[in-house]
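The values are calculated or read from the model by the stated rules, or taken from the named source; none is laboratory data. This one's a predicted model, so the numbers in the text were calculated from it and none came from an experiment. When we count neighbours, we look across all protein chains shown, and the Cβ atoms used for this are built from the backbone with ideal geometry, even at glycine.
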Amino acid sequence: MNAEGFATELPWMWSGLAAYALATLVAISGVVIQNAGGTSTRGGRSERLVLALLIAGVVLLAAAIAQRWVRIGHGPWISLFELLMSQLWSLGVIYAVAYWRMPRFRASAVVVLPVFWVLGSWLLTLEPKASHFPATYYNEWKWIHVFLGKVYLALLLIGVGLAGVMILRRFPRAARWFGSMPADDVVDRVAWRVMMLALVFDSLMLIAGAVWAQDAWGRYWSWDSLETSAFVTWLALGVGIHVRLTYRVAPWISGAIIIGIFVLAFTTYLGMPYVSPAAHKGMV
Amino acid sequence: MKWFRLLASLKLTLVGMILLVIGASLTYDNRLDVTMWVLVVPLALLALNLTAAIFTNQRINRQPGLLVFHIGLLSIIVLAAIGRLSFIDAHLEIAEGQGFTPDLLLETKQGPLHAGRLDKVRFVQGYYTVDYAEGMHRGLTNSQVLIPDERGQFTSKIVGDDRVLVLEGYRFYTTFNKGFSVVLTWLPDQGIPVTGRINLPSYPLYDYKQDNSWTPQGASPVKFWLQVNTGMREDAAWVLDARNSRGVLVVSHGDQRVELQVGESTRLEGGQLRYDRLSAWMGYKVYYDPTLRWLFFVSIIAVIGMGWHYWQVMGARLFPAEAQHQRSDEKSSAPTGGLANAGEDV
């Protein structure tokens with residue numbers, strides 16, 4: 001790995017990722033061990049520890065982002081390294097709030113937190129070299145677009161946690177882990193409410209992005225790969241909601257639809273700008 | 001009417017959405033070999049479906065939030081269609097000191113119903129500067145434009161990147177495409193002198209081939225090559241500014257080759273050519289769509305409608321399921337299995 005960032009953001013980032021990793025281990029042990037006997041209990045102490053570790057991770061990653069911001073002179077907007085670090089921070093913030101405010105659904109952390117591991121492991125493979133800040137990124141709409149996008153992806157992640165529970169409950173052993181959570185019909189309803197809220201933020205994100213694109217590149221929509229992928233994800237959310245309104249869908253299928261939408265959003269967010277040779281890539 | 005209710009079917013909505021997903025995927029990366037009908041057909045189907053649903057589906061028209069959202073979606077489709085019929089998308093290259101005229105537009109794409117007032121657009125291009133960071137990364141562009149008012153006075157304005165020049169609804173964006181031009185005067189042996197300019201290729205993109213050619217009336221072609229010194233460097237930040245740049249103009253005509261400094265002349269077949277000064281040109285993207293503002297407002301209102309509906313469904317609480325789960329828990333004895341109710345509000 002490049003020596004760049006060793007004296008600044010990297011120690012903070014590693015500490016933040018370690019806190020998230022510990023939170024994952026505590027969450028899994030709390031859910032699996034305490035509910036292994038089939039009794040539906042919620043581990044108050046382990047849940048508090050998970051929340052504390054999540055908050056610690058958020059604070060440490062915030063310090064890493066701030067250190068890098070000072071070092072390179074701009075925020076985490078450009079390189080995949082920056083986007084992943086920023087995403088891990090914002091997902092951590094919003095998921096910590098959800099974890100705190102939805103105590104009956106905390107067991108779903110065993111599905112959500114491994115996603116942090118995936119992102120964190122990916123982040124560790126990337127070089128923290130400084131990135132160039134394009135002129136069109138001074139636009140204020142970028143802040144709004146990015147903020148809305150972060151809320152949107154975090155809401156999808158919360159939905160994924162609930163979706164994962166509905167799928168895992170098809171397996172008797174795993175079903176015992178989630179005995180402390182409400183029944184599938186409630187989990188399903190809450191999951192889709194979260195997805196609908198995600199649709200609100202997704203729509204606002206697309207609008208803010210279109211305004212930014214119009215100001216910065218002279219077109220609000222041009223069907224480049226990132227825009228197309230974002231639109232397909234928005235449509236997939238709409239399709240998912242309409243499928244649920246039209247048909248009686250088994251919880252595990254409902255969960256699979258939610259996970260499919262998240263995969264699309266994840267690919268759009270963290271894949272498309274870096275694999276496509278289209279306009280958006282030039283802009284990052 | 002039965003057919004109207006069929007048209008409003010949620011299943012048809014799903015078909016339309018899936019067709020739109022397929023259509024959008026086919027246009028992936030803006031492929032030019034894919035017909036626009038892959039988007040137009042599903043959008044038209046969805047517009048019909050939405051219209052019918054707004055009138056007949058009580059779940060939509062009896063819930064104000066959902067009604068606003070769906071009318072908003074329909075309006076977006078209509079506005080986008082109007083936009084495609086009336087838009088204009090073009091490029092232009094305009095030199096320092098030159099006034100804008102519609103005939104400068106290049107690569108123009110426009111809708112069949114475009115009816116803007118491009119002929120009313122007036123501005124004169126001034127100087128420009130472009131910041132470059134180490135490694136030749138382009139930074140901020142500052143381009144001066146002079147805009148005349150009704151009294152004939154000019155107002156100076158700096159535009160560039162996302163600071164857009166908007167005149168008569170036309171939006172002018174600076175682009176990466178900009179470069180130098182040389183101002184020349186042709187003094188023919190017979191006739192009156194003519195002053196004009198020759199634009200050279202985009203700079204610094206084509207810094208290695210700053211050449212062009214011109215054919216004087218009644219003579220053979222003359223080739224030009226500009227040896228320009230802008231202070232450009234890759235290992236440090238620098239500013240592209242024609243006012244601080246110097247250029248030697250190499251003129252080739254047949255076997256004759258001569259280097260001219262600003263103000264110098266050379267004798268060519270049929271007259272004399274004088275190199276008056278080094279100037280610059282800026283490339284703009286021009287965009288016009290009268291629906292832009294409406295699209296923004298309608299989109300926002302649609303999302304407000306969706307948010308309003310969500311607020312009602314959620315009982316104005318962020319996570320009301322926390323309050324409701326007790327009741328549901330009592331109804332559901334098993335933690336697994338069970339089907340979601342089709343048609344329930346999400």
Pairing a residue in the range A:195-210 that is within 12 Å of B:PHE296 (Cβ to Cβ) with any residue that is polar (S, T, N, Q), where Cβ atoms lie under 6 Å and the two sit 6 or more apart in sequence or on different chains, gives A:ILE207/B:SER299
Checked against (1) part of a loop (DSSP other than H, G, I, E, B); (2) within 31 Å of the chain's Cα centre (by Cα); (3) touching a residue at least 40 places away in the same chain (Cβ under 8 Å), B:ASP207 satisfies every condition except (3)
Checking B:GLU93, B:GLU107 in turn, the sole residue that is assigned to a strand (DSSP E or B), free of Cβ contacts under 8 Å to residues at least 60 places away in the same chain and of a type outside the set (Lys, Arg) turns out to be B:GLU107
* Asked: What do you reckon, is B:LEU45 in the same structural domain as B:ARG163 (by TED's automatic domain parsing), of a type in the set (A, V, I, L, M, F, W, C) and either surrounded by 14 or more Cβ atoms within 10 Å (Cβ to Cβ) or touching a Leu at 6+ places or on another chain (Cβ under 7 Å) (or both)?
  -> no
Across the range B:234-246, the tally of residues that are outside any helix (DSSP H, G or I) and either crowded, with 18+ Cβ neighbours inside 10 Å or in contact with a strand residue (DSSP E or B) (Cβ under 7 Å, 6 or more places away or on another chain) (or both) stands at 7
Checked A:ALA98, A:ALA63, A:ALA135 against criteria (of a type outside the set (Lys, Arg) and within 23 Å of A:LEU226 (Cβ to Cβ)); the one match is A:ALA135
Here the qualifying pairs (Cβ atoms under 6 Å; residues six or more apart or on different chains; first in the range A:52-63 and under 21 Å from A:GLY5 (Cβ atoms); second surrounded by 23 or more Cβ atoms within 10 Å (Cβ to Cβ) and small (Gly, Ala, Ser)) come out as A:GLY57/A:GLY16; A:GLY57/A:GLY92; A:VAL58/A:GLY92; A:LEU60/A:GLY16; A:LEU61/A:GLY16
The correct count of residues that are without any contact (Cβ under 8 Å) to a residue 60 or more places away in the chain and either within 10 Å of another protein chain (Cβ to nearest Cβ) or more than 25 Å from the chain's Cα centre (by Cα) (or both) in the range B:261-320 is 18
Check: For the range A:131-145, does any single residue satisfy the condition of being of a type in the set (Lys, Arg) and part of a helix (DSSP H, G or I)?
Finding: yes
Within the range A:218-235, of all residues that are within 7 Å of another protein chain (Cβ to nearest Cβ) and assigned to a helix (DSSP H, G or I), the one surrounded by the most Cβ atoms within 10 Å (Cβ to Cβ) is A:THR228
Reported set for the range B:247-267 where residues are aliphatic (A, V, I, L, M), assigned to a strand (DSSP E or B) and under 20 Å from B:ASN199 (Cβ atoms) is B:VAL248, B:LEU249, B:VAL250, B:VAL251, B:LEU260
Flagged pairs (Cβ under 6 angstrom, 6 or more apart or on separate chains; first in the range A:138-149, at negative phi; second outside any helix (DSSP H, G or I)) are A:ASN139/B:ASP162
Quick count over the range B:111-167, residues being polar (S, T, N, Q) and without any contact (Cβ under 8 Å) to a residue 40 or more places away in the chain, is 6
Would you check if B:GLY231 is at positive phi and surrounded by fewer than 16 Cβ atoms within 10 Å (Cβ to Cβ)? yes
Among B:LEU85, B:LEU45, B:LEU73, the single one that is within 19 Å of the chain's Cα centre (by Cα) and of a type outside the set (Phe, Trp, Tyr) is B:LEU85
Subset of the range A:193-208, residues more than 19 Å from A:TYR247 (Cβ to Cβ) and either more than 7 Å from every other protein chain (Cβ to nearest Cβ) or hydrophobic (A, V, I, L, M, F, W, C) (or both), comes to A:VAL194, A:LEU197, A:ALA198, A:VAL200, A:PHE201, A:ASP202, A:LEU204, A:MET205, A:LEU206, A:ILE207, A:ALA208
Counted residues in the range B:152-193 being in contact with a Lys or Arg (Cβ under 9 Å, 6 or more places away or on another chain), of a type in the set (A, V, I, L, M) and within 21 Å of B:ASN244 (Cβ to Cβ) come to 2
Checked A:VAL239, A:VAL249, A:VAL211 against criteria (more than 15 Å from B:LEU20 (Cβ to Cβ), in contact with a helix residue (DSSP H, G or I) (Cβ under 6 Å, 6 or more places away or on another chain), within 8 Å of another protein chain (Cβ to nearest Cβ) and not aromatic (Phe, Trp, Tyr)); the one match is A:VAL211
Checking A:VAL190, A:VAL160, A:VAL151, A:VAL118 in turn, the sole residue that is at the interface with chain B (Cβ under 9 Å from one of its Cβ atoms) and within 22 Å of the chain's Cα centre (by Cα) turns out to be A:VAL190
Taking first residues from the range A:88-106 that are under 20 Å from A:VAL32 (Cβ atoms) and second residues anywhere that are small (Gly, Ala, Ser), the pairs with Cβ under 7 Å that are 6 or more apart or on different chains are A:TYR95/A:ALA154; A:TYR99/A:ALA109
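Per-residue answers, yes or no, for (1) hydroxyl-bearing (Ser, Thr, Tyr); (2) part of a strand (DSSP E or B):
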{"residue": "B:THR129", "(1), (2)": "yes, yes"}
{"residue": "B:TYR132", "(1), (2)": "yes, yes"}
{"residue": "B:THR141", "(1), (2)": "yes, yes"}
{"residue": "B:GLN144", "(1), (2)": "no, yes"}
{"residue": "B:GLU150", "(1), (2)": "no, no"}
{"residue": "B:LYS178", "(1), (2)": "no, yes"}
Of the listed residues (B:ILE76, B:ILE71, B:ILE82), the one being in a helix (DSSP H, G or I), β-branched (Val, Ile, Thr) and within 13 Å of chain A (Cβ to nearest Cβ) is B:ILE76
Note on B:ILE82: of the conditions (1) over 30 Å from B:ARG243 (Cβ atoms); (2) surrounded by fewer than 16 Cβ atoms within 10 Å (Cβ to Cβ), unmet is (2)
Can we say B:PHE87 is over 30 Å from B:ALA237 (Cβ atoms), out of contact with any Leu (no Cβ under 6 Å at 6 or more places or on another chain), surrounded by 15 or more Cβ atoms within 10 Å (Cβ to Cβ) and within 11 Å of another protein chain (Cβ to nearest Cβ)? yes
